[in-house]
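Here's the structure we're looking at; comments come further down.
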Amino acid sequence: MFKQLLSCLLLTLLLALPAAAQQRIMQSINSNWLFRRDEPQSTVATAATATNWEKISLPHTWNAHDVLDDEPGYYRGTGWYQKTLQVPASWQQRRVYLYFEGANQEAEVYVNGQLAGRHAGGYTAFSFPISQYLKFDGEKPAGAEVLVKLTNRHNPDIPPLSADFTFFGGIYRDVYLLAASPVHFDLDNYASSGTFVTTPAVSAEAAEVVVTGAVSNEAGQARRLTVLTQVLDAAGKTVARQQASLTLKAGEKRPFRQALPRLKQPHLWSTTDPYLYRVVSSISEGKTLLDEVTNPLGLRWFRFDAARGFFLNGQPLKLIGTNRHQDFPGLGNALPNALHEQDVLLLKQMGGNFLRVSHYPQDPTVLQACDRLGILTSVEIPVVNAITDSEGFFQNCRTMQTEMIRQGFNHPSVIIWAYMNEVLLRLPEGVKRDNEPGRAYLKKVNQLAQQLDDLTRREDPARYTMCVNHGAFELYQEAGLTKIPQLVGWNLYQGWYSGQLQGFADYLDRHHRELPDKPLLVTEYGADSDERLHSFRPRRFDKTTEYANAYHQFYLKAILDRPFVAGSMVWNLAEFSSETRQEANPHMNTKSLLTADRQPKDAYYFYQAHLLKTPFLRIGSRSWNLRSGPAAGPDSLFCRQPVEVYTNQPAVRLQLNGRDLGTKTAEFGVARFSVPFGNGMNQLRAQAAGQPGEDMADIEFQLLPANLNSSKLPFTELNVSLGDERTFTDPQLHQVWVPEQAYAPGSWGYVGGTVYKLPGERLPYGSDRNILGTDYDALYETQRVGLTQFRLDVPDGEYEVTLHFAELEAAPAAEQLVYNLAGSTAASATPEAPGRAFIVLLNGQALPELSTATSLRPLQAVSTTVPVSARGQRGIIIDFQARTGQACLNAI
Ligand code: GCB
């Protein structure tokens with residue numbers, strides 16, 4: 001019996017083997033590559049003999065580390081990659097391809113010294129056939145020396161020309177080796193799967209599924225083939241099938257179209273129930289399977305309505321979500337798939353139902369995760385800020401748009417293809433809106449938009465087209481960009497870069513009034529928040545959590561209040577690298593709901609409170625768990641500070657160290673408390689009043705004595721940020737910097753002077769320039785100028801005083817903040833430094849002069865620590881004596 005079984009099994013295996021051996025094999029080849037930087041003029045011949053290669057694995061970027069330093073700029077040049085492949089002899093008859101998911105940004109691929117292909121653009125996949133370069137020798141595997149020349153230098157013909165993110169260079173996505181039978185689904189169709197699934201009609205009752213594509217016969221003789229398409233449900237059961245026979249001549253490629261029998265009562269795909277079927281298309285000859293491709297299938301229908309927003313499967317659905325960039329601290333853009341997937345999961349866990357894949361197509365894992373988790377998406381090509389008026393640029397845009405659409409075509413999560421982001425933000429040199437070159441430029445932009453829109457509607461009539469604009473209404477209207485696409489996306493930052501929060505609501509209403517037939521999405525809105533900065537007087541552009549919270553609370557309400565707003569996407573899911581940015585956290589854009597290492601900020605909880613259907617309650621300050629502030633009065637041992645609790649429950653009860661602080665009604669998802677923090681550990685416990693669910697937070701508080709001579713609260717340490725209204729928590733050094741105050745006897749503070757402020761209205765105080773030589777830019781960016789003293793009425797004893805300075809008057813930066821959506825760069829352009837020189841005396845002891853001519857260089861952090869004795873109850877008196885200009889102090 002056993003023998004019989006075994007022979008039966010062997011037979012089955014033998015029967016199955018030839019068939020299986022013919023099928024497509026796709027295998028990642030990420031390990032064991034070599035990399036070296038090189039000259040732009042290097043060639044395949046010079047690279048082949050070059051030494052000093054570095055061993056690396058893919059995904060890889062050559063900029064992962066050079067964006068981590070404080071210096072502006074990163075390597076934008078040439079790199080070579082090398083790998084030796086052994087291609088099995090059994091692949092002699094197969095079509096072998098190299099498949100790159102993406103490499104930034106211009107690639108030349110050589111195999112055994114011969115050019116296999118070139119690709120322009122860093123964000124779409126490409127593949128090249130390489131069989132013709134393989135030299136087989138009987139039964140021995142063929143060696144393939146793969147060399148890839150790559151550059152991420154600026155090329156005026158390749159978008160993006162400029163943008164607020166770092167253009168990491170490298171083969172930063174997976175690379176595959178693919179071997180297919182000579183008879184296969186089209187492998188030369190813009191690195192797509194060669195098969196395209198459409199659903200011309202879907203309803204709750206029935207769904208039509210049509211698969212199109214092309215079959216190639218690269219064999220030397222005619223073949224009689226069967227093309228079979230099956231739809232499998234999630235359990236793997238075939239629910240529809242369609243087959244066709246075709247005879248293909250040698251070398252023939254023939255298109256096919258298969259309409260499957262209607263699926264009755266289909267299980268629909270939605271954001272709450274993302275049910276996926278699979279479409280398996282195969283080519284066989286007799287009983288031999290030659291090629292097989294599987295695509296996801298989500299059955300859904302949708303539409304946008306200019307007055308009533310978005311509808312999925314006939315039901316209104318407000319699209320709420322975020323944008324996303326593809327980077328992670330220390331890795332640049334070379335992320336393992338798990339990190340791409342994690343971001344989509346974090347969006348889902350927030351309660352989001354939409355991802356704007358910005359500003360370029362991303363790793364295939366992203367759309368796969370969106371299909372699986374029920375996140376709708378828009379995808380766009382990276383035409384950002386500006387265009388080049390050249391045929392090369394136009395052609396590259398059209399190619400990218402085609403690649404994006406064909407590569408992403410089968411993802412049910414995609415509902416929008418977009419093609420421009422704020423393309424009128426940076427008008428080229430000499431081009432003004434109302435001069436002749438300006439009119440000509442707008443015309444060109446219009447032409448490109450029209451070409452891309454036409455192409456998109458031709459390629460994929462089932463999805464919507466979108467163009468994303470910044471808040472310059474008339475300008476985009478003039479260029480026709482509110483007319484050409486089916487949807488208009490607005491990136492709006494009123495109350496951040498300029499103006500007031502109310503300006504956002506007014507802008508939406510204006511769109512609705514003036515473009516009543518055009519559905520709109522708020523494709524971006526956001527406010528920077530550096531987790532270290534907090535304020536009890538939050539102000540526009542101060543980078544504090546509190547301002548960002550107020551901003552999101554206002555914006556979300558305005559969005560939800562307006563049914564005509566089809567959706568909104570926060571800028572951005574997580575902090576991301578933008579090398580040219582300066583500000584409190586140089587080289588980073590911190591407008592986000594998660595930190596760069598994906599820790600939630602308060603605003604993430606705020607969205608959870610609004611979007612999650614299950615009971616939710618979270619104390620907002622959990623990441624601000626080291627706080628400081630002065631005691632309420634000379635005899636008191638507490639300091640009151642606000643705490644927000646985010647919840648979808650009607651009311652919240654808060655306790656501090658077991659003591660009841662009362663119950664507060666949640667207003668628009670937020671219950672606000674004033675908590676009397678004591679010195680040391682404070683345990684907060686929040687409960688939804690009358691409901692299950694609670695949250696705890698441990699907050700350490702460094703209570704500062706109101707009177708530095710206090711015996712109840714002996715003075716130990718004080719850190720003050722001058723010219724500042726914020727507190728700055730440094731978790732590493734376990735220090736909190738409190739805002740400045742004027743001196744009052746018994747206490748501490750400055751005497752005289754004013755808060756430093758850059759000209760212009762954008763910054764409430766301080767500078768937004770990168771201060772070199774420190775990671776504490778926010779502390780050095782604010783300053784008191786013209787002060788005459790800083791006094792601390794400390795008890796007699798031995799102290800250490802550290803003074804921090806940076807000259808904030810500096811020539812304008814060579815590269816201004818890319819995104820100043822207020823339109824003016826005046827706020828960043830500081831007048832020429834007037835120069836200053838001053839002496840600091842600590843309890844009468846003079847330190848060497850500080851002068852912009854010598855020790856105090858513009859935008860350079862300087863600090864000095866001095867031991868000081870306080871005697872005779874005089875405390876510490878620091879005198880500032882100006883010799884030229886005004887004295888200054890940034891922090892103490
Ligand atoms: C925008 C851009 C985006 C920027 C963002 C910002 O409008 O589309 O790329 O990063 O503003 O933070 O300024």
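The values are calculated or read from the model by the stated rules, or taken from the named source; none is laboratory data. Because the structure is a prediction, the values reported are computed rather than measured. Positions of Cβ are generated from backbone atoms using ideal geometry, with glycine treated the same way; all protein chains shown enter the neighbour counts. These accessible areas exclude ligands, DNA and RNA; they are computed on the full protein's heavy atoms, side chains included. Shrake-Rupley method; radii C 1.70, N 1.55, O 1.52, S 1.80 Å.
Checking each residue of region 100-108 against the condition of being assigned to a strand (DSSP E or B) and polar (S, T, N, Q) gives at least one match. In summary, Gly499 fulfils each of the numbered conditions (1) farther than 25 Å from Leu611 by Cβ; (2) within 22 Å of the chain's Cα centre (by Cα) with the single exception of condition (2).
Taking (1) closer than 21 Å to Pro364 by Cα; (2) of a type outside the set (A, V, I, L, M); (3) surrounded by fewer than 19 Cβ atoms within 10 Å (Cβ to Cβ) in turn, Gly213 satisfies each apart from (3).
Evaluation of Tyr176 against the conditions (1) surrounded by fewer than 20 Cβ atoms within 10 Å (Cβ to Cβ); (2) part of a loop (DSSP other than H, G, I, E, B) shows that the sole unmet condition is (2). The residue that is nearest to His184 (Cα to Cα), counting only those in region 88-107 that are out of contact with any Lys or Arg (no Cβ under 8 Å at 6 or more places or on another chain) and among the aromatic types (Phe, Trp, Tyr), is Tyr97.
Residues in region 346-362 that are more than 15 Å from the ligand (Cβ to nearest atom) and open to solvent by 10 Å² or more (accessible area, probe 1.4 Å): Leu346, Lys348, Gln349, Gly351, Asn353, Pro361.
Under the condition of being within 16 Å of the ligand (Cβ to nearest atom) and either out of contact with any strand residue (DSSP E or B) (no Cβ under 7 Å at 6 or more places or on another chain) or open to solvent by 10 Å² or more (accessible area, probe 1.4 Å) (or both), the residues counted in region 380-422 number 4. Among the residues of region 594-610, is there at least one that is over 30 Å from Arg303 (Cβ atoms), more than 16 Å from the ligand (Cβ to nearest atom), in contact with a helix residue (DSSP H, G or I) (Cβ under 7 Å, 6 or more places away or on another chain) and part of a loop (DSSP other than H, G, I, E, B)? Among the residues of region 594-610, at least one is over 30 Å from Arg303 (Cβ atoms), more than 16 Å from the ligand (Cβ to nearest atom), in contact with a helix residue (DSSP H, G or I) (Cβ under 7 Å, 6 or more places away or on another chain) and part of a loop (DSSP other than H, G, I, E, B), which makes the answer yes. For region 838-864, a tally of residues being within 45 Å of the chain's Cα centre (by Cα), of a type in the set (A, V, I, L, M) and open to solvent by 10 Å² or more (accessible area, probe 1.4 Å) returns 5.
For region 736-761, a residue qualifies if it is under 30 Å from the mean Cα position of the chain (by Cα) and open to solvent by 10 Å² or more (accessible area, probe 1.4 Å), and the qualifying residues are Trp737, Gly760, Glu761. In this structure, Gly567 does not qualify as within 13 Å of the ligand (Cβ to nearest atom) and not in a loop (DSSP other than H, G, I, E, B). The residue that is nearest to Lys712 (Cα to Cα), among those in region 623-641 that are part of a loop (DSSP other than H, G, I, E, B) and either of a type in the set (A, V, I, L, M, F, W, C) or within 38 Å of the chain's Cα centre (by Cα) (or both), is Leu637. With respect to (1) of a type outside the set (Lys, Arg); (2) at pLDDT 95 or above; (3) over 21 Å from the mean Cα position of the chain (by Cα), the lone exception for Gln93 is condition (2). Scanning region 277-294 for residues that are surrounded by fewer than 21 Cβ atoms within 10 Å (Cβ to Cβ) and not hydrophobic (A, V, I, L, M, F, W, C) returns Arg278, Ser282, Ser284, Glu285, Gly286, Lys287, Thr288, Glu292, Thr294. If you go through region 865-876 and keep only what is out of contact with any Ser or Thr (no Cβ under 7 Å at 6 or more places or on another chain) and open to solvent by 20 Å² or more (accessible area, probe 1.4 Å), you end up with Val866, Pro867, Ser869, Arg871, Gly872, Gln873, Arg874. Counting only strands (runs of 3 or more DSSP E) that sit completely within region 350-450, those holding 1 or more residues that are hydroxyl-bearing (Ser, Thr, Tyr) correspond to 376-380, 414-421.
Of the residues making up region 363-374, not a single one is touching a strand residue (DSSP E or B) at 6+ places or on another chain (Cβ under 6 Å), within 16 Å of the ligand (Cβ to nearest atom) and open to solvent by less than 20 Å² (accessible area, probe 1.4 Å). For region 602-631, the set of residues classified as surrounded by 23 or more Cβ atoms within 10 Å (Cβ to Cβ) and charged (D, E, K, R) consists of Asp602 only.
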